[in-house]
Amino acid sequence: MATVENVVIIGSGPAGHTAAIYAARAVLNPVMYEGFMAGGVAAGGQLTTTTEVENFPGFPSGIEGPALMQLMREQSIKSGARIVTETVESVDLSEAPYEVRLASGNIRTKTIIIATGATAKRLDVTGTDRLWQRGISACAVCDGALPVFRDKPLFVVGGGDTAAEEATYLSRFGSSVTMLVRRDVMQASKAMQQRVADNQKVIVRWSSTLEEVRGDPLLSEVVVRDVASGDTETLPAGGLFFAIGHQPNTEFLDGQLEMDDTGYLRTSGASTATSKPGVFACGDVQDKVYRQAVTAAGTGCMAALEAERFLS
């Protein structure tokens, strides 16, 4: 009879690696499928696309995102976790032990920890791929305080609550913050709209879309198009932040777990437990509020401890 794993961890960001460290130290012999360019992002998750990380505890001088994730990976292995560089194609949660399906073959496991994260949405306009993390970001709280953005004209793409919050936050650092809102109204709540209106450093350009970004080696200009007239204008820019939402990486689950209306996995109360016994979710795949490396790591710890209790 094929071996049934105790714990399978799907995903390899801060949540996944923290879960791996705790599960390994509990002698659960976990196996992590870290993914191979899953969701278009390298193993290690969104931090591998971030240059300087200055808000993760323990690194007073900051650390580059890829370096931080490599350290987490090394610690997972040292703790006893097995890491496989392969992407989980699908799972069958119809009965326990659950089946995890991979190109190399299927395995069964008593518990699953889902830590596949969420991918920030960004517009596919000319220059964004080349200048990504060279003046372009999708997380103002993560990157906005970096020296490269200070006292520069900054731009936020989006008109919802997240965009309004990010514009307000960025106004502490940039010389000005311009919100590019596609419609002639904002989708943000009335309270957030009022906060934007009261902030003298935030400018709203209505009926405007991003047409192109330019710069070498860093972002220096954005080309903005007026939706109504079709006219374009080139503006100096020291930073551009996409705030048009995130897409949780849950496609491989094929709707087998309860999710909210935006696709984030639902967990029970203060727990990481999902709608299936023995299946836990941690990190950005179930958190659309904080979305920070340190909070993801915290829920990874919770998921491992809950998996341990479930198995015992």
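Relative contact order (percent) for the chain, with alpha-carbon contacts under 8 angstrom and 6 or more residues of separation?
Details: 738 pairs, mean separation 65.5, N = 312.
It rounds to 21 percent for the chain.
Out of the DSSP beta bridges found with both residues in the stretch 1-101, what percent are antiparallel (nearest 5)?
Numbers: 5 of 11 bridges.
Bridges in the stretch 1-101 that DSSP calls antiparallel: roughly 45 percent.
How big is the antiparallel share of DSSP beta bridges in the chain, given as a percent to the nearest 5? Intermediate results must be reported in sequence, preceding the final value.
Working: 26 of 58 bridges.
Beta bridges within the chain, antiparallel portion: roughly 45 percent.
In square nanometres and to one decimal, what's the mean projected area of the convex hull around the Cα atoms of the chain? Display every interim value, and only then the final one.
Numbers: hull surface 68.2 nm².
One quarter of the hull surface, i.e. the mean projection, equals 17.0 nm².
What fraction of the DSSP beta bridges in the stretch 122-242 is antiparallel, stated in percent and rounded to the nearest 5?
Numbers: 11 of 28 bridges.
Antiparallel: roughly 40 percent of the beta bridges in the stretch 122-242.
Enumerate lysine pairs in the chain that are 8 or more residues apart or on different chains, then count those whose Cα atoms are under 30 Å apart.
Counting lysine pairs in the chain gives 15.
For a quick protection proxy, order the peptides 108-114, 199-205, 76-82 by their average other-Cβ count within 10 Å, most packed first. Please list the in-between numbers first.
Values: 108-114: 24.4, 199-205: 15.4, 76-82: 17.7.
Highest-to-lowest ranking by the protection proxy: 108-114, 76-82, 199-205.
Given a Förster distance of 45 Å, report the FRET efficiency between residue 206 and residue 75 from their Cβ-Cβ distance, rounded to the nearest 0.05. The partial results should precede the final answer.
Numbers: r = 49 Å, r/R0 = 1.08.
E between residue 206 and residue 75, to the nearest 0.05, is 0.40.
Could you order peptides 296-309, 10-23, 274-287 by the average number of other Cβ atoms within 10 Å of their residues, highest first?
Numbers: 296-309: 22.9, 10-23: 30.4, 274-287: 25.2.
Ranking the peptides 296-309, 10-23, 274-287 by packing returns 10-23, 274-287, 296-309.
Specify, per residue and in Å³, the volume enclosed by the convex hull of the alpha carbon atoms belonging to the stretch 1-142.
Numbers: hull volume 18.1 nm³, N = 142.
About 127 Å³ per residue, rounded to a whole number.
If Rh is defined by the Kirkwood formula over all Cα pairs and Rg also comes from Cα, what ratio Rg/Rh do you get for the stretch 122-242?
Values: Rg = 13.1 Å, Rh = 14.0 Å.
That ratio equals 0.94.
Take the alpha-carbon centre of the stretch 50-79, take the same for the stretch 235-312, and report the distance between them in whole Å.
20
Please identify the DSSP H helices in the chain that span no less than 24 Å along the helix axis (Cα) and have a mean Kyte-Doolittle hydropathy of -1.0 or more.
Working: long enough: 293-311 (27 Å, 0.85).
Helices meeting the span and hydropathy rule in the chain are 293-311.
Ratio of the stretch 257-312's C-alpha Rg to 2.2 N^0.38 Å, to two decimals? It would help to have the intermediate numbers written out before the result.
Values: Rg = 10.9 Å, N = 56, 2.2 N^0.38 = 10.2 Å.
In units of the 2.2 N^0.38 Å rule of thumb, it is 1.07.
Starting from 0.36 nm per residue, how many nanometres of slack lie between residue 151 and residue 86 once their C-alpha separation is accounted for? Can you show the working numbers first?
Working: separation 65, 0.36 × 65 = 23.40 nm, distance 4.29 nm.
19.1 nm is the gain from fully extending residue 151 to residue 86.
No value in this document is a laboratory result; all are computed from the given coordinates. Remember, it's a predicted structure, so these values are computed and weren't measured experimentally. Here Cβ is always computed from backbone atoms with ideal geometry, including for glycine, and neighbour counts include all displayed protein chains.
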